[in-house]
Amino acid sequence: MSGARAARPRSRPGLTPPWRDRQRRFSWLKTLVLAGACLPAGSIVFWWTTGQLGALPLNAALHLSGIWTVRFVLLALAVTPARAVFDRSRVVLVRRMLGVTAMVYALGHFSLFIVDQNFVLPTVALEIVKRIYLTIGFTALLGLVALGTTSTDAMVRRMGRGWKRLHRLIYPIAVLMLTHHFLQAKVNVSTAVFAAGLFVWLMLWRALPVRLRVRPVALAGLGVLAGVLAAGIEFGWYGLATRIDPWRVLMADLDISYGPRPAVWVGIAGLAVALLAVPLRPGAMLAGWQGINTTFRKIPLTRARGGS
Ligand code: HEM
């Protein structure tokens, strides 16, 4: 047996509490993420019971639980880039927790919809069949449940290669979830545009050649591109789905006198990742410059000076 294999940590059989790592050691990271996962639900319950959710508390809770489902899906998708860009392998520990949390919030969101329909299940079913935005949301929910319930170690072992194939469904699920978000948001799609822009960033990062994925310059370019594409999505939405002039929305994106709009925030978030990558991965920055230097050194001196 090779040394590397012998050193690989093995998970012990039995149920591991969510605040412990695979070796059942206490993990601050997992504990903090667990607390962060419970916080929005706790806040919703607290605001509801203390009358701070407005005139229509059920609607507000439905809205908030939907928003948090989207956030947790995006956070789960951000784990792989975070591990690579910030060189923090331990963040992988919380990916499963974030995914399962997204499923739990989606189930809570759906349960609130059932409450909204006065627990009349045939009406719930009819609404899902009749209204395309609910059909889309329900499909996304079924997808999240399929991924959440197959995320145990035992299922990973039992499903073998099929597990990875199944869990790649998270990408189309995220697209469905964002479509539902846009359709439900109706006129003000700011949060949906921001979420879609972050999703675009996460997808483009995965499409980058592996050597560029940690380079601050490439990440800065990616941030700007994701922001531009988010503005394009917003433009397309207003142009196709509403009567609002999309050019006016685009002009508003360029005018920051009222504060940055969602597409601009996507760009800012992308640039922040690139900036954070500089101190956390100085090696990647150096590698970038070395790459440029090597390229220039390969050009004959006469050509580099403009000679023939
Ligand atoms: C993964 C699955 C789902 C996600 C991520 C999700 C997400 C969201 C989000 C973000 C919103 C807020 C839209 C906005 O106002 O900006 C929302 C609203 C809503 N969702 Fe979902 N949803 C999901 C599944 C479902 C399902 C299965 C149903 C019911 C069958 C449903 C019913 C609704 C309703 C009725 C609203 C409107 C609430 C309001 O008036 O603000 N959703 N959803």
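We did not get these values from a lab; they are worked out from the coordinates using the rules stated. Keep in mind it's a predicted model, so treat the numbers as computed, not measured. Glycine also receives a Cβ, built like all others from the backbone with ideal geometry; neighbour counts cover every protein chain displayed.
Structure summary
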| read-out | value |
| --- | --- |
| Net dipole in debye of the chain [+1 Lys, Arg Cβ; -1 Asp, Glu Cβ; about Cα centre; nearest 20] | 2020 debye |
| Region 130-141 - phi-based ³J(HN,Hα) in whole Hz, Karplus 6.51/-1.76/1.60, Gly and Pro as x | 6, 9, 4, 5, 6, 4, 5, x, 5, 5, 4, 4 |
| Pair Leu93, Leu280: separation of 7 Å Cα→Cβ label points (nm) | 1.6 nm |
| Given 14 as the ceiling on other Cβ atoms within 10 Å, longest exposed-site-free region of the chain for trypsin sites (Lys or Arg not before Pro) in DSSP loops | 26-87 |
| Percent of alpha-carbon pairs separated by more than 30 Å within the chain | 45 percent |
| Taking the chain and dividing mean pair separation by its residue count, relative contact order in percent (alpha carbons under 8 Å, at least six apart) | 14 percent |
| Rg [Å, one decimal], Dmax [Å, integer] - region 110-227, C-alpha atoms | 18.1, 55 |
| Value of relative contact order over region 18-185, rounded to a whole percent, pairs C-alpha under 8 Å and six or more apart | 19 percent |
| Calculated from backbone phi, Karplus (6.51, -1.76, 1.60) coupling profile of region 100-107 in Hz, x at Gly/Pro | 5, 4, 4, 4, 5, 5, 5, 5 |
| Two-site FRET efficiency, Gln117 against Ala55, from Cβ-Cβ distance with R₀ of 25 Å, rounded to 0.05 | 0.80 |
| Length added when fully stretched, Arg22-Ala146, from 0.36 nm per residue minus Cα-Cα | 42.4 nm |
| From phi via Karplus (6.51, -1.76, 1.60), per-residue ³J(HN,Hα) for region 89-94 in Hz, x at Gly/Pro | 5, 5, 4, 4, 4, 9 |
| Longest site-free stretch - the chain; sites: chymotrypsin sites (Phe, Trp or Tyr not before Pro), DSSP loop, at most 13 other Cβ within 10 Å | 120-257 |
